[in-house]
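Let me begin by presenting the structure, written as structure tokens, before commenting on it.
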Amino acid sequence: MPEGPQVPASGAATAPTAGPFDALAADYDRQFTQSLLGGTLRRAVWRRLDATFPPGQRVLELACGTGEDAVHLGGRGVRVLATDGSGEMVEAARRKVVRAGLAGLVEARRLPFDRLAELPEGAFDGAFSNFGGVNCAADLAALGRDLARVLKPAAPVLLCVMGPLVPWEWLWFGLRGDLRSASRRLRRGGALWRGIRVVYPSPRRLERTLRPWFRVERRAAIGALVPFPAAEPWARRHPDLIARLDARERRWETLWPLPWLADHYLLELVRR
């Protein structure tokens, strides 16, 4: 949640979300990508992306934002189609790809979740979405169905999802008397942000939704011991502590209950 208590962390998920995320594109990297906590959490996800997608594979990214993850994978020789519903996010990603000299490996395309059917069937060796993109999907079951169609059998999928139970968030906002922000993920039906609804499925709920098309291989915490991004001013005063918390979290990231109590959980799936 890099932009504060009401802002999802990634690019747009469906066509109606494009406007709000368009407005974030110009400042997103400064506020999140280049922050201490944002970089710490992203590197934790990169460890798993690097272990999952070898050079030469063709991978689909959903809700790519400004293209930071696509450029990272492209730099390792992975071919990435980076998609987003926000035109401004896609333009930012294209500029980043060109600056990195990766235009031959990474393509950024405006494609909301509800238009995945436009992609060829079985065209990708895997897929991923980072930092809450799927939380903005209007229909998670439809997303699972459409994603499975464009993947090869046994293709891996990594989804970094905002969960409903975040003690760091309760503590941070509770101490400030902001009980509305502290409890927003617990509201039935999700939370409204700039006219769109953001949902916070638990790992179990998301797994049940995607079970017809995917089986679960691994769950990991991304931001359980490490504070959530709104705590960036405090974290910058304590970088050594953040490094120690990150090292401990990486060691314990799959242990219950950390994935259930993290700002994001990383769900690793395989297409049935």
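Structure data summary
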quantity: Hits in region 221-234 (condition: small (Gly, Ala, Ser) and under 14 Å from residue 42 (Cβ atoms)); calculated: 223
quantity: Residues being aromatic (Phe, Trp, Tyr) and on the phi < 0 side of the Ramachandran plot - total across region 128-160; calculated: 1
quantity: Hits in region 19-53 - residues which are closer than 17 Å to residue 228 by Cβ and in contact with a helix residue (DSSP H, G or I) (Cβ under 6 Å, 6 or more places away or on another chain); calculated: 32, 33, 35, 36, 37, 38, 40
quantity: Number of positions in region 43-91 that are crowded, with 24+ Cβ neighbours inside 10 Å, of a type in the set (Ser, Thr, Tyr) and touching a strand residue (DSSP E or B) at 6+ places or on another chain (Cβ under 7 Å); calculated: 1
quantity: Region 146-189, residues that are of a type outside the set (A, V, I, L, M), touching a residue at least 40 places away in the same chain (Cβ under 8 Å) and touching a helix residue (DSSP H, G or I) at 6+ places or on another chain (Cβ under 8 Å); calculated: 156, 160, 163, 167, 168, 169, 172, 173, 181
quantity: Search result, residues across region 185-227 that are surrounded by 14 or more Cβ atoms within 10 Å (Cβ to Cβ), assigned to a helix (DSSP H, G or I) and not basic (Lys, Arg); calculated: 203, 206, 207, 209, 210
quantity: Looking only at region 92-102, and only at residues there that are assigned to a loop (DSSP other than H, G, I, E, B) and in contact (Cβ under 8 Å) with a residue 12 or more places away in the chain, the one that is surrounded by the fewest Cβ atoms within 10 Å (Cβ to Cβ); calculated: 100
quantity: Residues satisfying the stated conditions in region 19-42, i.e. out of contact with any strand residue (DSSP E or B) (no Cβ under 7 Å at 6 or more places or on another chain), in contact (Cβ under 8 Å) with a residue 60 or more places away in the chain and within 21 Å of residue 241 (Cβ to Cβ); calculated: 32, 35, 36, 37, 38, 40, 42
quantity: Criterion (under 23 Å from residue 141 (Cβ atoms) and in contact with an Asp or Glu (Cβ under 8 Å, 6 or more places away or on another chain)) met by exactly one of 93, 108, 117, 123; calculated: 117
quantity: Pair list, Cβ < 9 Å and 6+ apart or interchain, from region 251-267 residues that are under 16 Å from residue 167 (Cα atoms) to residues that are of a type in the set (Val, Ile, Thr) and part of a helix (DSSP H, G or I); calculated: 264/45
quantity: Test for residue 247: is it under 17 Å from residue 42 (Cβ atoms), surrounded by fewer than 20 Cβ atoms within 10 Å (Cβ to Cβ), without any contact (Cβ under 8 Å) to a residue 40 or more places away in the chain and not hydroxyl-bearing (Ser, Thr, Tyr); calculated: yes
quantity: Every residue from region 111-126 that is buried (at least 19 other Cβ atoms within 10 Å of the Cβ) and either under 24 Å from residue 20 (Cβ atoms) or over 22 Å from the mean Cα position of the chain (by Cα) (or both); calculated: 111, 112, 113, 116
quantity: Filtered residue count, region 126-158, keeping only those that are under 22 Å from residue 249 (Cβ atoms) and in contact with a Phe, Trp or Tyr (Cβ under 7 Å, 6 or more places away or on another chain); calculated: 2
quantity: So residue 242, is it closer than 14 Å to residue 162 by Cβ, at pLDDT 95 or above and either crowded, with 19+ Cβ neighbours inside 10 Å or among the small types (Gly, Ala, Ser) (or both); calculated: no
quantity: Output for region 50-65, where each listed residue is over 12 Å from the mean Cα position of the chain (by Cα) and either part of a helix (DSSP H, G or I) or of a type outside the set (Lys, Arg) (or both); calculated: 50, 51, 52, 53, 54, 55, 56, 57, 59, 60
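The values are calculated or read from the model by the stated rules, or taken from the named source; none is laboratory data. Keep in mind that this is a model prediction, so the values were computed, not measured. When we count neighbours, we look across all protein chains shown, and the Cβ atoms used for this are built from the backbone with ideal geometry, even at glycine.
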